[in-house]
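Visitor: Would you mind keeping the following structure in view while I ask a few things?
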Amino acid sequence: MKSLTKYLTFNIPSKMAFQNITPQVDDAVRASGVQEGLVLVNAMHITASVFINDDEPGLHEDYKRWLEQLAPYDPSPQRYHHNRTGEDNGDAHHKREIFGREVVVAITAGKLDFGRWEQIFYGEFDGKRAKKVLVKIIGE
Amino acid sequence: MKSLTKYLTFNIPSKMAFQNITPQVDDAVRASGVQEGLVLVNAMHITASVFINDDEPGLHEDYKRWLEQLAPYDPSPQRYHHNRTGEDNGDAHHKREIFGREVVVAITAGKLDFGRWEQIFYGEFDGKRAKKVLVKIIGE
Amino acid sequence: MKSLTKYLTFNIPSKMAFQNITPQVDDAVRASGVQEGLVLVNAMHITASVFINDDEPGLHEDYKRWLEQLAPYDPSPQRYHHNRTGEDNGDAHHKREIFGREVVVAITAGKLDFGRWEQIFYGEFDGKRAKKVLVKIIGE
């Protein structure tokens with residue numbers, strides 16, 4: 001069994017944004033030499049997501065508006081008790097639960113085994129600081 | 001390490017529906033000969049989900065009604081900017097984020113290691129056309 | 001390839017609660033002897049979740065309130081057709097879809113490869129009875 005571990009760092013200048021990280025994951029798959037296996041890609045922070053969808057700016061605007069409706073930013077500790085800790089990111093912990101922590105993708109014949117429109121995104125919900133994503137590959 | 005890759009195709013006649021695909025995944029696990037390992041099952045389209053829950057028609061009706069409340073179908077580009085692209089499936093991209101893209105299931109002693117009521121479903125949110133699901137098995 | 005399968009049982013005294021199960025998963029990883037690999041942790045019941053977030057009581061209160069808004073407990077079969085079966089847990093099947101069924105975590109150098117605040121939780125949405133979680137480890 002072969003394996004590869006890679007840590008990616010992102011410093012998103014806004015509070016919420018989606019960044020296409022497919023090229024970095026592609027590179028890791030190629031570097032691993034794995035022909036048949038799985039790659040796990042996960043946020044290492046609990047106010048961020050990794051998810052797969054379309055690289056379409058209109059859709060990303062829709063996602064942001066929708067997440068803001070489902071879990072609005074509100075620094076007060078009335079809406080989010082979490083903010084009693086002195087944090088103001090209670091909303092980000094909720095948005096992350098909608099979009100999830102991780103994706104697992106098949107590697108077939110040495111490549112990400114993707115449908116035509118599948119792209120991997122880092123979803124940031126509490127940005128303006130350096131945060132990490134883990135890429136873990138196992139296979140043969 | 002053994003591996004097996006299988007592509008399933010579904011052509012759901014309605015816009016939204018849930019189809020039990022456990023038998024097809026079971027078949028793939030048996031064909032792989034893997035005794036101990038993992039199976040990844042994922043939608044290869046970004047307006048569909050693979051998820052695990054109960055095979056109970058009343059629950060499936062509830063899920064459809066609930067998803068329609070959370071992300072209503074609306075072909076206009078006012079609600080979903082994504083529909084400015086000429087598509088009318090902005091809602092489906094949102095519903096898929098609630099139900100997720102994939103499941104990973106343990107294989108133990110050559111079988112899906114499931115709780116009593118666990119069944120694997122293909123969740124279609126933008127049907128009436130052929131769409132694919134990937135089954136990837138690794139193990140020994 | 002090495003593998004390990006472990007079943008954990010939880011009997012949560014309330015309907016909804018989040019329990020930190022990181023120590024039990026840590027123990028399984030150590031017992032497996034796997035240095036590089038993946039661990040899958042999933043609920044074996046369809047009214048429960050396994051997820052990763054912060055071990056902060058205020059946040060957990062927020063999550064409970066939010067899930068209750070998104071999918072309120074209601075034993076009547078009017079809101080949840082699922083409850084026509086005689087069950088009263090239609091809401092729990094919905095809450096579980098928001099928080100997901102499973103997590104997959106990397107094992108690096110023999111340990112859970114976690115960001116600073118990542119902790120694994122069992123999320124119970126229909127408690128007061130014994131329910132199981134599966135831990136499956138593969139790697140080398």
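Visitor: Could you check the range C:64-106 and list, in sequence order, the residues that are at the interface with another protein chain (Cβ under 7 Å from one of its Cβ atoms) and under 26 Å from A:His45 (Cβ atoms)?
Guide: Within the range C:64-106, C:Trp66, C:Glu97, C:Ile98, C:Phe99, C:Gly100, C:Arg101, C:Glu102, C:Val103, C:Val104, C:Ala106 qualify.
Visitor: Restricting to the range A:26-80, name every residue that is assigned to a loop (DSSP other than H, G, I, E, B), in contact (Cβ under 8 Å) with a residue 40 or more places away in the chain and within 21 Å of C:Lys64 (Cβ to Cβ).
Guide: A:Ile46, A:Thr47, A:Tyr73
Visitor: Would you mention how many residues in the range A:1-25 are part of a strand (DSSP E or B) and hydroxyl-bearing (Ser, Thr, Tyr)?
Guide: Qualifying residue count for the region: 4.
Visitor: Inside the range A:124-140, can you point out the residues that are within 12 Å of chain B (Cβ to nearest Cβ) and farther than 22 Å from C:Leu112 by Cβ? Lay out the reasoning, then the answer.
Guide: Within the range A:124-140, the first condition is being within 12 Å of chain B (Cβ to nearest Cβ), and the residues that meet it are A:137-140.
Residue satisfying the conditions is A:Glu140 alone.
Visitor: So A:Tyr122 passes all but one of these: (1) of a type in the set (Phe, Trp, Tyr); (2) touching a residue at least 60 places away in the same chain (Cβ under 8 Å); (3) farther than 15 Å from A:Gln24 by Cβ. Which condition number does it fail?
Guide: Going through the list (1) of a type in the set (Phe, Trp, Tyr); (2) touching a residue at least 60 places away in the same chain (Cβ under 8 Å); (3) farther than 15 Å from A:Gln24 by Cβ, A:Tyr122 breaks only (3).
Visitor: Tell me which of these C:Tyr63 doesn't satisfy, since it passes every other one: (1) of a type in the set (Phe, Trp, Tyr); (2) touching a helix residue (DSSP H, G or I) at 6+ places or on another chain (Cβ under 6 Å); (3) open to solvent by less than 10 Å² (accessible area, probe 1.4 Å).
Guide: (2)
Visitor: Can you work out which of the residues in the range B:95-117 that are in a helix (DSSP H, G or I) and touching a residue at least 24 places away in the same chain (Cβ under 8 Å) is nearest to A:Ala71 (Cα to Cα)?
Guide: Filtering the range B:95-117 down to residues in a helix (DSSP H, G or I) leaves B:95-99.
Checking which are touching a residue at least 24 places away in the same chain (Cβ under 8 Å) leaves us with B:95-96, B:98-99.
On the way: B:Lys95: 16, B:Arg96: 18, B:Ile98: 14, B:Phe99: 17 Å.
Here the answer is B:Ile98.
Visitor: Return the residues of the range C:93-140 that are closer than 20 Å to C:Asn20 by Cβ and among the small types (Gly, Ala, Ser); say none if nothing qualifies.
Guide: C:Gly100, C:Ala106, C:Gly115, C:Gly123, C:Gly127, C:Ala130
Visitor: I'd like the full set of residues that are within 17 Å of A:Glu124 (Cβ to Cβ) and among the charged types (D, E, K, R), limited to the range A:65-86.
Guide: A:Arg65, A:Glu68
Visitor: On the basis of being surrounded by fewer than 21 Cβ atoms within 10 Å (Cβ to Cβ) and more than 30 Å from A:Gly58 (Cα to Cα), does B:Ala130 make the cut? Outline the logic, then answer.
Guide: Working: surrounded by fewer than 21 Cβ atoms within 10 Å (Cβ to Cβ): yes; more than 30 Å from A:Gly58 (Cα to Cα): no.
No.
Visitor: Of the residues C:Lys136, C:Lys132, which single one is over 21 Å from A:Arg101 (Cβ atoms) and in contact with a strand residue (DSSP E or B) (Cβ under 9 Å, 6 or more places away or on another chain)? Reasoning before the result, please.
Guide: Numbers: C:Lys136 fails: over 21 Å from A:Arg101 (Cβ atoms).
Being over 21 Å from A:Arg101 (Cβ atoms) and in contact with a strand residue (DSSP E or B) (Cβ under 9 Å, 6 or more places away or on another chain) holds for just one of C:Lys136, C:Lys132, which is C:Lys132.
Visitor: Can you name the condition, by its number, that C:Met16 falls short on among (1) surrounded by fewer than 23 Cβ atoms within 10 Å (Cβ to Cβ); (2) under 30 Å from A:Met1 (Cα atoms); (3) among the hydrophobic types (A, V, I, L, M, F, W, C)?
Guide: (2)
Visitor: Then there's this: Anything in the range A:84-94 that is open to solvent by less than 10 Å² (accessible area, probe 1.4 Å) and not in a loop (DSSP other than H, G, I, E, B)? List them, or say none.
Guide: Just the residues of the range A:84-94 that are open to solvent by less than 10 Å² (accessible area, probe 1.4 Å), to begin with: A:89-94.
The answer is A:Gly90, A:Asp91, A:Ala92, A:His93, A:His94.
Visitor: Anything in the range B:41-63 that is among the charged types (D, E, K, R) and more than 30 Å from A:Leu40 (Cα to Cα)? List them, or say none.
Guide: Start the filter on the range B:41-63 by keeping residues that are among the charged types (D, E, K, R), which leaves B:54-56, B:61-62.
Once the filter is applied, which keeps residues that are among the charged types (D, E, K, R) and more than 30 Å from A:Leu40 (Cα to Cα), the range B:41-63 yields B:Glu56, B:Glu61, B:Asp62.
Visitor: Further, regarding this structure: Looking at the range A:107-124 only, could you name the residues that are under 17 Å from the mean Cα position of the chain (by Cα), within 23 Å of B:His45 (Cβ to Cβ) and open to solvent by less than 10 Å² (accessible area, probe 1.4 Å)?
Guide: Scanning the range A:107-124 gives A:Glu118, A:Ile120, A:Phe121, A:Tyr122, A:Gly123.
Visitor: For the range B:39-54, state whether one or more residues are more than 10 Å from chain A (Cβ to nearest Cβ) and open to solvent by 30 Å² or more (accessible area, probe 1.4 Å).
Guide: For the range B:39-54, residues more than 10 Å from chain A (Cβ to nearest Cβ) and open to solvent by 30 Å² or more (accessible area, probe 1.4 Å): absent.
The values are calculated or read from the model by the stated rules, or taken from the named source; none is laboratory data. The shown structure was predicted, so the numbers you read here are calculated from the model rather than taken from an experiment. Note that we place each Cβ from the backbone using ideal geometry, even for glycine, and neighbour counts take in every protein chain shown. Accessible surface areas use protein heavy atoms only, side chains included; no ligands, DNA or RNA. Shrake-Rupley method; radii C 1.70, N 1.55, O 1.52, S 1.80 Å.
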